Structures are given as structure tokens and as C-alpha cells.
1. R0 = 25 Å: FRET efficiency of Leu161 with Asn67, Cβ-based, nearest 0.05?
2. Under a crude label model (7 Å from the Cα following the beta-carbon direction), how far is Glu15 from Asp133 in nanometres?
3. Distance cut-off 22 Å, Cα to Cα: go down the list Lys192/Lys228; Lys79/Lys157; Lys117/Lys192; Lys8/Lys187 and report the pairs above it.
4. In nm, to one decimal, how far is the modelled label at Ile109 from the one at Glu90, with both set 7 Å along Cα→Cβ?
5. What does the net charge come to around Gly231 if you take all other residues with beta carbon closer than 10 Å to its beta carbon, with K and R at +1 and D and E at -1?
Amino acid sequence: MGICKLCKKDKKLIEAHIIPKFMYKKMKDENHSFFDITYNLNTKETKSKKIQKEDYDKNILCGDCDNGILGGIYEDYAKDTLYGENLNPEIAPKCENFINPDDGAEYSICNNIDYTKMKLFFLSLLWRASITDRPTFNEVSIGSKHEEIIRKMIYEKITPLEEEYPIVITSFMRTENKFENLIAQPKRIRTKGGLNGYIFLIDSLQFMFFVNSNDHKIPEYILKSTIKESGELTTLHLPNGSELEFFKQILGK
């Protein structure tokens, strides 16, 4: 028994995954193994280890919240949407690929996204990573104020505004090193304008969460790329050879 961090009730706690199991599915080889990686931007050193067990925490969530709310409402929708399974064509995302004629940058835009479910799913990743004491997520700490705001959004199904905790998704699918079959330790970042954020790299996709207070002005490039209340979700495809420079630009190095 213990206090569930989502419903705040004294209940039996279960082994709750920080990153949902479905996000590991494509990464696993025939032995059900995948790579966990850390990358040092300054030294360019990479350390990786092959593991089989996803990271979970048995001290944060009850079964009703983990399976019923996080799993049954948000993860089920995100799983079907991100991996294209089981969705009725009428509510399935409609995606197109584009190339910017000015700089040749490639990007994809998906419409018909359920904004509330998808954004709260993404925020649940950030929230779980912040409330856990698992070593993999020790750089993710958004503070008690933001943890409570996001907890309430998730539990009460409150729709966040676009500018609240904006999320930018980039892809390494066009680069030589696609970062497939691996999950990287989330890293804390800070933009040149002083905005705090966190990078999660999961199987070729990089999710950047920006944690902003009321006095923080969100840069236009973030607002332009974040998931929209209209149901528009943009994924930016990084060009080959740009991986390190992109990281440095985001970090202001």
C-alpha cells in the first residue's frame, strides 16, 4: 500500500512503467533486447548497454491510475495513433510529407489528432520521469509546482493550452545514424533565451518538452512546431550529418 501520486489515494501500488511498454516494441530484437545509451555532447563519447527489462517504478502509481487512466485513456490512443493500429479511418491521423523550398528541410504534418489525449499522453511521460527516483531519469526534475499542474491536467482530463508545456518532435529517420533500437537517458536542456526543457530520445524520435512559467516568452520556432489545438502534429526531420550541430544549437553551445 502507498499513496498513488496521480489520484493521491492510499492504494495498492503496482510496477508502473515510466516509458510505456508499447514504445519499446519496435526497438527489441529477436532476443527481446534493446540498447540504452548516454551521449556526451562535449566529448562526443557514447556509452551504451544492451538490456531486456524496461524501466519501471513500483512506488508511484496504483493499478486504477496506471492501467485505467494513463493506459486506458492516453496510452491506448497514442499507441494506435503513433503506430497506425486499430483506428477507425474517420478518426485516424492524416499525414503528409513536405520539403521547405528555402532550405530543403523535410517535415511531416499529421492532422486529425485528438489534441487533448495526445498532449496529455506526452505530458504524462514528462510527469512520470519527474516524479520517479529511477536513476535513468535523474536529470528530469520539473519541480513540485509543475508536477502538480500536470498531475491535475492528467487526472481531471484538463486540456492544456498550446503554449503550456509546448512539445517539439524531431526525427533522425533521414540521418545516417537513425538512433534506432535504442532509448537514451533524458537530458535537461536550456535554450539561449533561458527556457528549461528536457529531451527524450526513443527509437529515432526525439521529444523535447519545454517547461515554462508565466514570465517566460516562448520562442516562435517552438510555438510554430508544437502540437496544435486544431489537431495538427508536426515532426521535423533532421538532415543527414546535422545531429551534433542540432543538439549544440538547441543547448546554446
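Here, each number is a calculation from the coordinates, and none is a lab measurement. Since the structure is predicted, the reported quantities are computational estimates derived from the model, not experimental observations. Every residue, glycine among them, receives a Cβ derived from its backbone with ideal geometry; neighbour counts consider all protein chains shown.
1. The pair Leu161/Asn67 has a calculated efficiency of 0.30.
2. 2.0
3. Lys192/Lys228; Lys117/Lys192; Lys8/Lys187
4. Label-label distance for Ile109 and Glu90, simple model: 2.6 nm.
5. Value of the local net charge: -1.
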